[in-house]
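Some notes on the structure that comes next.
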Amino acid sequence: GDDYVTKPFSLTEVVARVRAVLRRTRPSDEFSGSFVRYADVVMDIDAHEAWRQDHALELTPTEFKLLQLLLENARRVLSKSEILDSVWDYEFEGDPNIVETYISYLRKKVDEFEPSLIHTVRGVGYSLRLPRT
């Protein structure tokens, strides 16, 4: 209802837009009020605040959206295109390497504490999860 595609269009664009709408509207069992949690990371979406091990994380708006996406999809590997669709929107026409840049920024803030939670799955994408033991 909040999106449309003009003709001519590619099937991949339609699929990407449908996925983006579904992600925005899908209810999540991870929510408790406006809070999202995974491991020792807590995010209050309404207050726009996040903590790791009871330390406040100073995040830019884009870093906040990226961390929220990772928290809402904890343990799931997100591709670069999924991250671009959700954090930068499907109309983003800049350099797709922006994802690596912001993952790096977020790692410096979130993974300052042990254990590291943000993982790269080579050739696939990124995931927020506890390390394998």
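The values are calculated or read from the model by the stated rules, or taken from the named source; none is laboratory data. As the structure is a prediction and not an experimental result, all values here were calculated from the model. Ideal geometry is used to build each Cβ from the backbone, glycine not excepted, and the neighbour counts take in all protein chains shown. Note: areas computed on protein heavy atoms with side chains; ligands, DNA, RNA excluded. Shrake-Rupley method; radii C 1.70, N 1.55, O 1.52, S 1.80 Å.
Calculated [222 nm] ellipticity per residue, helices only, for the chain: -10000 deg cm²/dmol; basis is -39500 (n - 2.57) per DSSP H run with n ≥ 4, divided by all residues, nearest 500. In the context of the full set of protein chains, region 40-95 has a per residue accessible area of 51 Å² (1.4 Å probe). Sorting 74-81, 61-68 by their mean Cβ neighbour count within 10 Å, with the most densely packed peptide first, gives 61-68, 74-81. Considering only alpha-carbon pairs that sit under 8 angstrom and 6 or more positions apart, the relative contact order computed for the chain is 20 percent. If the segment from Ile98 to Glu13 were pulled out straight at 0.36 nm per residue, it would be longer than the present Cα-Cα gap by 28.6 nm.
What whole-number distance in Å separates the alpha-carbon centres of region 112-133 and region 53-101? First find each Cα centre; the distance between them is then 14 Å.
Close amide H pairs (under 5 Å, H built 1.01 Å from N) link Glu49 with Asp44, residues at least 5 positions away or on another chain. Summarising the label geometry, the points placed 7 Å from Cα in the beta-carbon direction at Thr6 and Val77 lie 3.8 nm from one another. Of all lysines in the structure, those lying under 21 Å Cα to Cα from Lys80, and not within fewer than 8 positions of it along the same chain, are Lys65, Lys108, Lys109. Fully extending the segment from Phe113 to Trp51 would add 21.2 nm, taking 0.36 nm per residue of separation and subtracting the current Cα-Cα distance. From the Cα gyration tensor of the chain, with a ≥ b ≥ c the square roots of its eigenvalues, which class applies: rounded if a/c is under 1.5, or else prolate if a/b is larger than b/c, or else oblate? Prolate, since a/c reaches 1.5 and a/b exceeds b/c. Across region 44-62, the residues whose backbone nitrogen lies under 18 Å from the label position 7 Å along the beta-carbon direction of Ser34 are 44-52, 56-62.
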